[in-house]
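Worksheet: the structure to be examined is printed underneath.
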Amino acid sequence: MRTPLRIAFYGLLCVGLSLPACMLAKADDDGPILKKLKTVSTVASTVPGNGDVNPYGIVRVEHSVGKLEAGNILVSNFNNVGNVQGTGTTIVEISPGGAVTLFAQLDPTMLPGSCPGGIGLTTALAVLRSGWVIVGSVPTTGGSLVPGSNGCLIVLDSNGDPVETFYGSLINGPWDMTWLERGNEAMLFVTNVLDGTAAAAGSVVHRGTVTRINLGTSTTQMPWIKSMTVIGSGFDQRTDPAALVLGITGVGLSPNSHDDDHDNWSDDDHARVLYVADTLNNRIRAISNPLFRTDSDGTGAHFASGGALNAPLGLTVSPNGHVLTVNGGDGFIAEFNAHGTQIAKELIDTGGGPPPGAGDLFGLIYVPDWGIYFVDDGSNTLNLLH
């Protein structure tokens with residue numbers, strides 16, 4: 001007689017269930033995160049001394065090293081003091097209490113490697129356990145995209161100094177990013193929005209990609225690329241007079257039962273999916289086996305569409321598998337369970353517009369026991385929904 005499969009997952013005992021089914025059961029077992037969070041508080045301004053505005057990327061520091069302090073939030077700015085898109089060069093570090101320091105101010109003429117077109121820091125932002133910070137650049141010339149200005153990923157040390165760049169044909173307008181680490185390996189999952197976009201002059205092109213970048217990491221050696229693979233392709237993208245470019249934006253990985261194991265890949269990592277916010281088509285797609293696939297999954301499978309979605313931009317996934325995304329078309333955040341069913345929505349930005357909050361929301365992160373940190377590029381602030 002075969003013994004039923006038993007898996008302990010976040011305190012839930014799954015009997016007779018596969019791991020994916022167990023994960024879905026756990027996700028459904030928890031109520032909506034948004035139902036518990038009702039208050040929006042401003043943590044701090046994201047504007048540094050040079051006047052950069054339009055905060056896009058946001059990550060939480062997990063380990064103290066160099067200028068990085070555990071629990072602090074890093075925020076990248078996309079616009080300069082004149083509000084010219086694709087010209088922001090700064091990353092600020094903000095404590096939960098609202099203290100703001102400048103983590104990095106980059107000079108496009110002083111980068112340690114190629115970054116075609118210059119610097120305009122995007123929502124693509126990561127901080128590795130070893131202290132390396134990686135940020136995307138989608139640069140403009142006077143606020144306009146120029147064919148061939150494909151940008152890059154810039155690697156900074158824990159003191160905010162740039163040490164290398166990643167660039168080339170598979171890194172083409174890095175717009176957002178998530179990542180995963182195991183031991184001395186890291187995987188970056190990067191959305192790209194510039195392949196053919198500028199040349200199309202406002203017409204939609206179906207050339208957006210998601211690239212997985214496998215890195216070797218060390219505390220003493222700069223990260224190095226081991227391989228790059230396009231795992232998603234054919235996504236819609238176009239230039240936009242207000243948003244500069246519209247294409248796939250937020251990305252987030254589903255969790256698994258070994259997320260606390262920082263040293264080893266596990267068999268059930270194959271069951272993960274990568275959620276992608278497809279802004280132009282007002283939907284969220286799911287790319288299968290993103291960690292290990294060797295080819296493209298195209299635009300992935302359907303996960304969610306319609307409902308409260310209104311040009312989804314930033315996206316994050318909670319430890320219980322719920323997907324949270326903020327809208328570019330209004331000031332709402334929407335929550336979906338692991339089945340793709342919308343279970344909650346909340347108005348978190350009533351400024352700007354019309355409608356209220358339109359175009360203001362980009363990066364967000366969920367921090368258990370704290371709430372949801374998000375940037376508002378209408379007020380140039382870091383905020384906490386709690």
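Quick notes
- Output for segment 175-212, where each listed residue is polar (S, T, N, Q), out of contact with any Leu (no Cβ under 7 Å at 6 or more places or on another chain) and assigned to a strand (DSSP E or B): Thr191, Asn192, Thr209
- Answer from Ala199, Ala186 - the residue that is aliphatic (A, V, I, L, M) and over 23 Å from Tyr275 (Cβ atoms): Ala199
- Exactly one residue out of Leu128, Leu121 is in contact (Cβ under 8 Å) with a residue 12 or more places away in the chain, crowded, with 24+ Cβ neighbours inside 10 Å and among the aliphatic types (A, V, I, L, M), and it is Leu121.
- Restricting segment 90-118 to residues that are surrounded by fewer than 20 Cβ atoms within 10 Å (Cβ to Cβ) and small (Gly, Ala, Ser), the residue that is farthest from Ala243 (Cα to Cα): Gly97
- Test set (1) surrounded by fewer than 23 Cβ atoms within 10 Å (Cβ to Cβ); (2) of a type outside the set (A, V, I, L, M, F, W, C); (3) at pLDDT 95 or above - Pro312 fails condition number: (1)
- Tabulated pairs, segment 73-97, first on the phi > 0 side of the Ramachandran plot and in contact (Cβ under 8 Å) with a residue 12 or more places away in the chain, second buried (at least 24 other Cβ atoms within 10 Å of the Cβ) and part of a strand (DSSP E or B), C-beta under 6 angstrom, 6+ apart or interchain: none
- Residues of segment 157-204 classified as of a type in the set (D, E, K, R), within 19 Å of the chain's Cα centre (by Cα) and closer than 23 Å to Asp236 by Cβ, total: 1
- Residue satisfying condition, being in the same structural domain as Leu315 (by TED's automatic domain parsing), under 17 Å from Phe362 (Cα atoms) and at pLDDT 95 or above, within set Ala104, Ala126, Ala70, Ala99: Ala126
- Checking each residue in segment 226-251 for being surrounded by 20 or more Cβ atoms within 10 Å (Cβ to Cβ) and either among the β-branched types (Val, Ile, Thr) or at pLDDT below 95 (or both) picks out Ile231, Thr239, Val245, Ile248, Thr249, Val251.
- A single member of Ser254, Ser266, Ser288 is at pLDDT 95 or above, among the polar types (S, T, N, Q) and out of contact with any Phe, Trp or Tyr (no Cβ under 8 Å at 6 or more places or on another chain), and it is Ser288.
- Counted residues, segment 45-67 - those being assigned to a strand (DSSP E or B), in contact with a Leu (Cβ under 6 Å, 6 or more places away or on another chain) and either at pLDDT below 95 or not aliphatic (A, V, I, L, M) (or both): 1
- Taking the conditions (1) at pLDDT below 95; (2) surrounded by 14 or more Cβ atoms within 10 Å (Cβ to Cβ); (3) of a type outside the set (A, V, I, L, M, F, W, C) in turn, Thr219 satisfies each one other than (2).
- The strands (runs of 3 or more DSSP E) falling completely within segment 86-141 that include 2 or more residues that are closer than 25 Å to Thr381 by Cα and among the hydroxyl-bearing types (Ser, Thr, Tyr) map to 121-127.
- When segment 33-58 is filtered for residues that are more than 22 Å from Asp107 (Cα to Cα) and either touching a helix residue (DSSP H, G or I) at 6+ places or on another chain (Cβ under 8 Å) or crowded, with 22+ Cβ neighbours inside 10 Å (or both), nothing remains.
The values are calculated or read from the model by the stated rules, or taken from the named source; none is laboratory data. Bear in mind that the values here come from a model prediction, so they are computed numbers and not experimental data. Heads up, the Cβs are rebuilt from the backbone with ideal geometry, glycines too, and the neighbour counts pull from every protein chain shown.
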